[in-house]
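Have a look at the structure below before the remarks.
The values are calculated or read from the model by the stated rules, or taken from the named source; none is laboratory data. This is a predicted model, so every value here is computed, not measured. Ideal geometry is used to build each Cβ from the backbone, glycine not excepted, and the neighbour counts take in all protein chains shown. The protein model used for the area step is the full one, side chains on, heavy atoms only, and it has no ligands, DNA or RNA in it. Shrake-Rupley method; radii C 1.70, N 1.55, O 1.52, S 1.80 Å.
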Amino acid sequence: MAARQKKSAAGVVAGEVPAPSAIPGPTRQLEIETKLELDPDASLPPLAKRKRLAAVGIAGVAEPVTHHLDAVYYDTDRLDLLRSKITLRRRTGGSDAGWHLKLPAVDGARTEIGLPLSAGDGQAVPGEIGDLVLGAARGRPLVPVGRILNERTVRHLLDAAGVVLIEVADDHVTATSLADDRTRHWREVEAEIVGGTREQLAATVDVLVSGGARPAASPSKLARALDFRRPSLRRNKSAGDVVVGYVARQSELLIAADRAVREGDPAAALDARTICRRIAAVLTVFAPLFDGGTPSALRDSLRGASATFDGARDVRSARQRLVDQLTEEPAPYRDRARTRLEQACAARLTRAADRAGLFLTGPDYLTTLQALDDLIAAPPLAKRAQRPAARELAVLLSAGWHRLAELAEAALADPSRTSPLQEVGDWATTMRYAAEATVGTLGPDAAVLATSLEELQESVEEHLDARRAAELLASLAIESDTDGVAGFIFGRLHAIEQNLAHAAVDDFTDAWDRIEDGELVAAFGH
């Protein structure tokens, strides 16, 4: 009798390439683990009948099982994924063969996204994963960069009922860098939570360390295989180092937000928008620290990226404002207007999301990410950037303050005009983010300045949001899908939003008076 062929959960015969509809979708799981290492010939510390383990509810150890694992790791030729603390592999052998994308740890836990080996086209990275890390890869192709062979012996630590709590994997690793064919060998021990707790994991690690294990030389097998070390920024007190260090930290946050946007998280788009504005702000206020036009070109690109994310934000803001106001209207009128409003906003959000999606996969955005990396790796700093940060950053903030004062005076001369008011709001936002970037250097004074600027920024944003909501209502009122009842309510709300826009101008005037009279801002003015 012929041997029975193993089938997947989808009923696909092993070795066959299933139809696209039969390939399971991505799986997600959290990994909480600790990596250790042992000398190659050392004995694994005994795990059975240990008082330390019994004290936390670990009652026994299952028989060891050995797996032969063969993994090919993918990255760009510049190792962009690894620099972003992301690894991608295609692994055969073991109980979880397939494609594995490991994301950066959050609170000690890493998310692993998995796909079966049948996903993708042979050795090519599956689109579901490639699309997710397009920003992290900076748009560059993903190619094999390393191969890791692993003789893994797994021991499961159990509770009294036989439930697996902790997995201890004893790995004998042979790793090859595909760029230079250099091979390394080492032994690693991983302790990972399966159904247990962090306390049980900590106890397991204690037992392993007491028996001779030590912290792993690298948190990533691939990083060790490629002898990769994340570049470290200089940490001295020069103005240039402070600014470049801030840009580098924000860049990491941008890549994380980028990935979350691609996963469909609507809040992440707001995060990406804010991060782009923060980086653009420091490249604007502190532009004299750089030579050439690189910061200005990059700044403009980041502002363009931020503007792309503004579309969805503006629609959501207007919708929420108007939904809140509709609660005051009589039910029969309110419900008709609410239905029409939701339909219109949903259509506008879809169009905004489509524009953002095209932008995220387009060359302009991906080139911006590459330019940001280049600036961080080799910043074109001017001589001025070598000066002490505390004084030089304060001088540049003071110059920015003088410009803000000029813009505010122009706006107050004719408060009925929105354009000058928007210029003040934009520059106040820029100054606020620049001030926040210097809090670590300038201390509480910079924090107080940033808070004052935020109040000014919010008053202008309230004015602009009210105007946008009024414009949306005016547009809806004349659209063919809006009936008379909804149009009547939209007219009432339009009047309310106009009044709110005028009131926000008064709030702006009051906020500016408070800022201008403040002692700290007076010091910056001098």
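Data for the structure
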item: Output for region 317-341, where each listed residue is among the small types (Gly, Ala, Ser) and free of Cβ contacts under 8 Å to residues at least 60 places away in the same chain; result: Ala331
item: Arg155 vs. criteria open to solvent by 10 Å² or more (accessible area, probe 1.4 Å), touching a Pro at 6+ places or on another chain (Cβ under 7 Å) and either in contact (Cβ under 8 Å) with a residue 24 or more places away in the chain or among the basic types (Lys, Arg) (or both); result: yes
item: Count of residues meeting criterion [outside any strand (DSSP E or B) and either of a type outside the set (A, V, I, L, M) or at pLDDT below 90 (or both)] in region 270-290; result: 9
item: Residue in region 233-256 that is more than 30 Å from Glu392 (Cα to Cα) and touching a helix residue (DSSP H, G or I) at 6+ places or on another chain (Cβ under 7 Å) present; result: no
item: Number of the condition not met by Ser416 [criteria: (1) within 30 Å of Leu442 (Cβ to Cβ); (2) assigned to a loop (DSSP other than H, G, I, E, B)]; result: (1)
item: Given (1) of a type in the set (S, T, N, Q); (2) closer than 30 Å to Ala477 by Cα; (3) touching a residue at least 24 places away in the same chain (Cβ under 8 Å); (4) open to solvent by 40 Å² or more (accessible area, probe 1.4 Å), index of the condition Ser419 fails; result: (3)
item: Residue tally, condition of a type in the set (A, V, I, L, M), without any contact (Cβ under 8 Å) to a residue 60 or more places away in the chain and under 17 Å from Leu38 (Cα atoms), over region 169-227; result: 3
item: Conditions (1) within 30 Å of Val242 (Cβ to Cβ); (2) touching a residue at least 24 places away in the same chain (Cβ under 8 Å): number failed by Asp483; result: (1)
item: Every residue from region 442-458 that is open to solvent by less than 50 Å² (accessible area, probe 1.4 Å) and in a helix (DSSP H, G or I); result: Leu442, Ala446, Ala447, Leu449, Ala450, Ser452, Leu453, Leu456, Gln457
item: Residue list for region 4-58, filter: over 25 Å from Arg152 (Cα atoms), at pLDDT below 50, open to solvent by less than 90 Å² (accessible area, probe 1.4 Å) and among the small types (Gly, Ala, Ser); result: Ala10, Gly11, Ala19
item: Unique match (being more than 19 Å from Ile148 (Cβ to Cβ), small (Gly, Ala, Ser) and in contact with a Leu (Cβ under 7 Å, 6 or more places away or on another chain)) among Ala62, Ala54; result: Ala62
item: Unmet requirement for Lys237, which otherwise passes all of (1) within 24 Å of Asp364 (Cβ to Cβ); (2) open to solvent by 50 Å² or more (accessible area, probe 1.4 Å); (3) among the charged types (D, E, K, R); (4) touching a residue at least 24 places away in the same chain (Cβ under 8 Å); result: (1)
item: Residue match in region 213-232 (condition: open to solvent by less than 30 Å² (accessible area, probe 1.4 Å), assigned to a helix (DSSP H, G or I), in contact with a helix residue (DSSP H, G or I) (Cβ under 9 Å, 6 or more places away or on another chain) and within 24 Å of Asp170 (Cβ to Cβ)); result: yes
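Yes/no matrix, rows are residues, columns are (1) small (Gly, Ala, Ser); (2) open to solvent by less than 80 Å² (accessible area, probe 1.4 Å):
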| site | (1), (2) |
| --- | --- |
| Pro332 | no, no |
| Thr339 | no, yes |
| Ala346 | yes, yes |
| Thr368 | no, yes |
| Ala371 | yes, yes |
| Ile376 | no, yes |
| Ala382 | yes, yes |
| Ala389 | yes, yes |
| Gly400 | yes, yes |
